[in-house]
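Novice: The structure that follows is given in the form of structure tokens.
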Amino acid sequence: MLTDHALELPSSLLDLMAVFKGNHRSRFGIEFPVSDTSARDVPALATFVAQEGLRSYFEPVIRTGRARRGRIGGQKSWSCESEAIASHDVDKLLARKECSFRFLHQPIAKFRAGDGFFASPGTGVDLDDLASLGLLEGLSVGDNLFGAIHSPLIVNANYNYTSGCKCNHFSERLLFDRANLAAEWQNLVNLSSADITAADLVSRLCETSNEL
């Protein structure tokens with residue numbers, strides 16, 4: 001029992017704590033994804049970490065892959081996760097609340113077995129998901145890495161996000177707004193640099209600025 005909340009700790013954690021003793025204890029820590037279902041555990045786990053001299057890293061759950069499909073929290077948690085974090089006074093314990101500007105805008109290329117490298121609009125955006133939307137071919141790196149990571153789709157994704165988590169936003173739209181997402185991104189991936197004028201770019205950046 002930690003504070004007023006019962007917390008079950010994995011045996012592997014306790015076994016490793018027996019190994020990391022003395023001066024080595026501070027080099028061992030816990031990384032914990034915070035969702036609507038796990039937020040209630042954070043205060044007790046933070047107390048345990050402080051008492052045992054461990055390191056900790058609490059961060060909002062990244063809802064890609066199995067997490068997006070409801071294995072952590074379920075689909076309802078998209079709308080109640082922030083409220084859960086606030087209600088348990090967890091916000092101040094988070095190591096980060098959103099991705100950094102640098103992380104949001106870093107160039108990303110991923111490898112797909114049998115197909116090669118492709119540009120991706122986010123580290124948590126699965127190539128299989130892009131393929132299911134009919135987007136993968138237009139993001140192929142081939143022999144032009146610079147062109148792929150600066151393609152219209154990637155540039156649009158970058159300029160639409162100066163804060164927040166674009167991977168989570170993509171996953172949410174993939175679940176609840178798939179048709180519109182596919183239409184928007186297919187239009188972008190089919191553009192060539194010759195189709196984009198300076199006036200179009202200025203207009204789009206102004207729209208993005210007004211949305212933020």
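The values are calculated or read from the model by the stated rules, or taken from the named source; none is laboratory data. Since we're looking at a predicted model, the values are computed, not measured. Neighbour counts run over all protein chains shown; Cβ positions are idealised from the backbone, glycine included. Just the protein is used for accessible areas: all its heavy atoms, side chains included, with ligands, DNA and RNA removed. Shrake-Rupley method; radii C 1.70, N 1.55, O 1.52, S 1.80 Å.
Novice: Being more than 30 Å from Leu174 (Cβ to Cβ) and assigned to a strand (DSSP E or B) is the filter; apply it to segment 31-64 and report the residue that is least open to solvent (accessible area, probe 1.4 Å). Step through it out loud before you land on a result.
Specialist: First, pick out the residues of segment 31-64 that are more than 30 Å from Leu174 (Cβ to Cβ): 43-56.
After this cut, where a residue has to be assigned to a strand (DSSP E or B) as well, the list is 55-56.
Values: Arg55: 149, Ser56: 59 Å².
Among residues in segment 31-64 that are more than 30 Å from Leu174 (Cβ to Cβ) and assigned to a strand (DSSP E or B), the one least open to solvent (accessible area, probe 1.4 Å) is Ser56.
Novice: Another question, if that's okay. Going through segment 140-175 one residue at a time, which ones are more than 14 Å from the chain's Cα centre (by Cα), aliphatic (A, V, I, L, M) and over 11 Å from Gly122 (Cβ atoms)?
Specialist: Result: Val141, Leu145, Ala148, Ile149, Leu153, Val155, Leu175.
Novice: Limited to segment 140-184, what total is found for residues that are in contact with a strand residue (DSSP E or B) (Cβ under 6 Å, 6 or more places away or on another chain) and open to solvent by 70 Å² or more (accessible area, probe 1.4 Å)?
Specialist: Matching residues across segment 140-184 total 0.
Novice: Additional query: Considering only segment 106-139, state which residues are open to solvent by 50 Å² or more (accessible area, probe 1.4 Å) and in a helix (DSSP H, G or I).
Specialist: If the condition is that a residue be open to solvent by 50 Å² or more (accessible area, probe 1.4 Å) and in a helix (DSSP H, G or I), then Asp128, Ser132, Glu137 are the ones that fit.
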